[in-house]
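A short worksheet on the structure shown next.
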Amino acid sequence: MTKQSWLFALAVAFQLVILAAIPAKQIQARWTGTLITIKTAPVDPYDFLSGYHVILRYEISRPSDEHWSSFPSERKDGMTVYAILQKGADDIWTLRTLTDKRPKELPEDQIALKGRISRNTIEYGIEHFFIPEEGRDTFEAALRRNQQTALAQIRVDRFGHAALIRLIVDGKTYEY
């Protein structure tokens, strides 16, 4: 193989590594993460650039002033935050506290979810759910009727990375 062939192969391999690294955190969370259920509130059923999808917001995305009061640092957009969630009696996980460092150990009924601050809300990278082509109208109507009771099941790995697995709307499950 010539030197140019090696350089070309190296350039292609480097690009493939970069492309593979993009979804790596979500793939790891799907494979190794703990399955938890959180409450959602859909916001926008259609985005002209991405096709049909729902932009999700979660109860844990809008912390109260009480939650922010325990945050140890000054809040800035783009800053990493860890939301400590606690499992409730109904198996729904809710926000307990916020911290700027990943906790080393938590009780079994708590989990740390990594996010970024964005205008006094927290984004976790699980805010988009693409609506399946089949039954799109039924799904969208059910979601509009049940915005306050829709649930999301996500997997969270030991580093706090999350992957959206499914939505539960009006008792029906929609896989991601």
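Laboratory data are not the source of any read-out in this text; all were calculated from the coordinates shown. Computed from a predicted model, the values in this text were never measured in an experiment. Counting neighbours? That spans all protein chains shown, and the Cβs are built from the backbone with ideal geometry, glycine included.
Ordering Trp68, Thr32, Ala150 by the projection of their Cα atoms onto the charge dipole of the chain, which places +1 on the Cβ of Lys and Arg and -1 on the Cβ of Asp and Glu, puts Thr32 at the extreme positive end. Going through [x] 33, 21, 13; [y] 24, 21, 14; [z] 31, 24, 16, the figure that equals semi-axes √(5λ) of the Cα gyration tensor in Å as computed for the structure here is [z].
Under the membrane-span-like helix rule (DSSP H runs whose alpha carbons stretch at least 15 Å along the helix axis, mean Kyte-Doolittle hydropathy 0.5 or higher), the chain yields 3-21. Based on DSSP H segments of at least four residues, each scored -39500 (n - 2.57), the chain has a per-residue ellipticity at 222 nm of -7500 deg cm²/dmol. In this structure, the residue pairs whose Cα-Cα separation is over 21 Å, taken from Lys39/Lys101; Lys76/Lys101; Lys39/Lys114, are Lys39/Lys101. Among 32-38, 143-149, 100-106, the peptide with the highest mean count of other Cβ atoms within 10 Å heads the list, and the full ranking is 32-38, 143-149, 100-106. A Förster radius of 41 Å combined with the Cβ-Cβ distance from Glu123 to Trp6 puts the calculated FRET efficiency at roughly 0.50. Full extension of the chain between Thr94 and Ser73 yields a length gain of 5.4 nm, computed as 0.36 nm times the residue separation minus the alpha carbon distance.
Taking all Cα pairs closer than 8 Å and separated by 6 or more residues, the relative contact order of the chain comes to 27 percent. Ranked by the mean number of other Cβ atoms within 10 Å per residue, highest first, peptides 107-113, 161-167, 66-72 order as 161-167, 107-113, 66-72.
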